[in-house]
Amino acid sequence: MATPNSHGNGPAVTAASKALARLDLDGHDLPPSPAPSSPHAGRRRYALATELVYTETKDQYGSSSIPIYQSATFKQTSSSGGNEYDYTRSGNPTRTHLERHLAKIMNATRALAVGSGMGALDVITRLLRPGDEVITGDDLYGGTNRLLTYLKNNQGVVVHHVDTTNVDRVREVLSNKTAMVLLETPTNPLIKIVDIPAIARVSHEINSKALVIVDNTMLSPMLCNPLDLGADVVYESGTKYLSGHHDIMAGVIAVNDPELGDKMYFTINATGCGLSPNDSFLLMRGVKTLAIRMEKQQTNAQRIAEFLESHGFKVRYPGLKSHPQYDLHWSIARGAGAVLSFETGDVAVSERIVEAARLWGISVSFGCVNSLISMPCRMSHASIDAKTRQERQMPEDIIRLCVGIEDVDDLIDDLSRALIQAGAVALTLDGFHANDADVDGAVSSA
Ligand SMILES: Cc1ncc(COP(=O)(O)O)c(C=O)c1O
Ligand SMILES: N[C@@H](CCSC[C@H](N)C(=O)O)C(=O)O
């Protein structure tokens, strides 16, 4: 059946053809596209896997992929401007395209793309004033801990590190001075789960001005949408799952409050931390394959977590029923992600495992197509001093696995060989089991 064309000189526009234009291929009725100024602009119309791929570049050649506008400055039609863009620090068409796409998949009205995940947190925390209080977790990515410590030591910001898995502990420190409640779930690297809706509720009840901020790096918008769970701001490291190939650094912030969005845009323009056109292009390309990568990474991670657990290791992964907060995790997320950690009971053994692995690269970071192995206390979390790590009960022997898309049997074979070579397992007639396995099969932590 003919449908109207955009020039209005096609076949007559009948009521039926108008209706057909609003049906997707499965016959689902689609809501009309929101106007750019509507509070729901950027919201999703299709399933997430479709929305990740579906974009319209609207450029003059109908290019299927957004061009890289590699230009620092833009010609104007008069001395008073006239062009939508003037200078790439202030705005760039490639970055704008990416930001609109990210807003859609993060269920936000506005997204902002910057040079790294830490850059995103820097933009957010510039909203703080001396005397403001921040409540955050006692298990956090090392760089987040470092920035908050800097703000505490240099900017007069009070930072409370509490066990954010316990809503009552958060309630106890909330006050009218609380400017931000900063949450990470699952936590990196102890994989503890935080009840975002409960903490958002109690925070807003006690102080309606407190901003609940969620670092969604460990899950990505594929698995969790914190803004739908009561958060005011969500940010994540685009260096991880969003880009997926460890070839760029990027950070993303998303909000629904236009005033907050404007304030953070001001900082980005004023400080010049917006994502470059080339990296915006690469992040846009990465995002399109997020669903398929995450699916494979999660399936692999689940197999590896089960493999380690079945051999007597204490494994931290929300895909395992043994995770103490399994139900909570699945009430806020659509998948377990691809980061897990386990303990061996002995730092030297852990070191030998990490160094014996071949397929698993010894690297920080996660969320990428290739699998990585690390010792967080020496690597990603080394900026947290040993005393604080001990107070926060971070086992020095903990090994973090970040699972990629390789063949899972190859990954398990390589890990098995590393475990055997490191002397982490005892060989028996039935196979092998963790050396320190206690009666109920779990390895006691050091
Ligand atoms: C949970 C988490 N948040 C934020 C960051 C910071 O991201 P980036 O390295 O892109 O600055 C990282 C890792 O670096 C992280 O693991
Ligand atoms: N030397 C870096 C370490 C980055 S860790 C990256 C990532 N968040 C992870 O958890 O692996 C630093 O000091 O920031």
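Please indicate, with yes or no, whether at least one residue in the stretch 287-307 is in contact (Cβ under 8 Å) with a residue 12 or more places away in the chain, among the polar types (S, T, N, Q) and part of a loop (DSSP other than H, G, I, E, B).
For the stretch 287-307, residues in contact (Cβ under 8 Å) with a residue 12 or more places away in the chain, among the polar types (S, T, N, Q) and part of a loop (DSSP other than H, G, I, E, B): present.
Do you know which residues across the stretch 384-418 are touching a helix residue (DSSP H, G or I) at 6+ places or on another chain (Cβ under 6 Å) and of a type in the set (A, V, I, L, M, F, W, C)?
Hits for the stretch 384-418 are Ile384, Ile399, Val403, Ile405, Val408, Ile412, Ala418.
Pull up the stretch 188-202, narrow it to residues that are buried (at least 22 other Cβ atoms within 10 Å of the Cβ), part of a loop (DSSP other than H, G, I, E, B) and not charged (D, E, K, R), then point me to the one that is farthest from ligand 1 (Cβ to nearest atom).
Checking each candidate, the answer is Ile193.
Among the listed residues Gly238, Gly261, Gly286, Gly251, identify the single one that is farther than 26 Å from Pro318 by Cβ and among the small types (Gly, Ala, Ser).
Gly261
Testing Cys368 on (1) more than 17 Å from Leu308 (Cα to Cα); (2) more than 16 Å from ligand 1 (Cβ to nearest atom), one condition comes back false. Which one is that?
(2)
Would you tally the residues in the stretch 217-230 being without any contact (Cβ under 8 Å) to a residue 60 or more places away in the chain and either open to solvent by less than 10 Å² (accessible area, probe 1.4 Å) or within 14 Å of ligand 1 (Cβ to nearest atom) (or both)? Walk me through how you get there before you give the answer.
First, the residues of the stretch 217-230 that are without any contact (Cβ under 8 Å) to a residue 60 or more places away in the chain: 226, 230.
Pick out the ones that are also either open to solvent by less than 10 Å² (accessible area, probe 1.4 Å) or within 14 Å of ligand 1 (Cβ to nearest atom) (or both) and you get 226.
So the answer is 1.
Table: residues versus (1) among the hydroxyl-bearing types (Ser, Thr, Tyr); (2) open to solvent by 60 Å² or more (accessible area, probe 1.4 Å); (3) touching a Lys or Arg at 6+ places or on another chain (Cβ under 9 Å).
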| site | (1), (2), (3) |
| --- | --- |
| Thr77 | yes, yes, no |
| Arg89 | no, yes, no |
| Asn107 | no, no, yes |
| Val157 | no, no, yes |
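Among the residues of the stretch 170-194, which ones are over 22 Å from Tyr241 (Cβ atoms) and not basic (Lys, Arg)?
Residues satisfying the conditions are Val170, Glu172, Val173, Leu174, Ser175, Asn176, Thr178, Ala179, Met180, Val181.
The values are calculated or read from the model by the stated rules, or taken from the named source; none is laboratory data. These figures come from a predicted structure and were not determined experimentally. Every residue, glycine among them, receives a Cβ derived from its backbone with ideal geometry; neighbour counts consider all protein chains shown. What goes into the accessible areas is simple: the full protein's heavy atoms, side chains included, and nothing from ligands, DNA or RNA. Shrake-Rupley method; radii C 1.70, N 1.55, O 1.52, S 1.80 Å.
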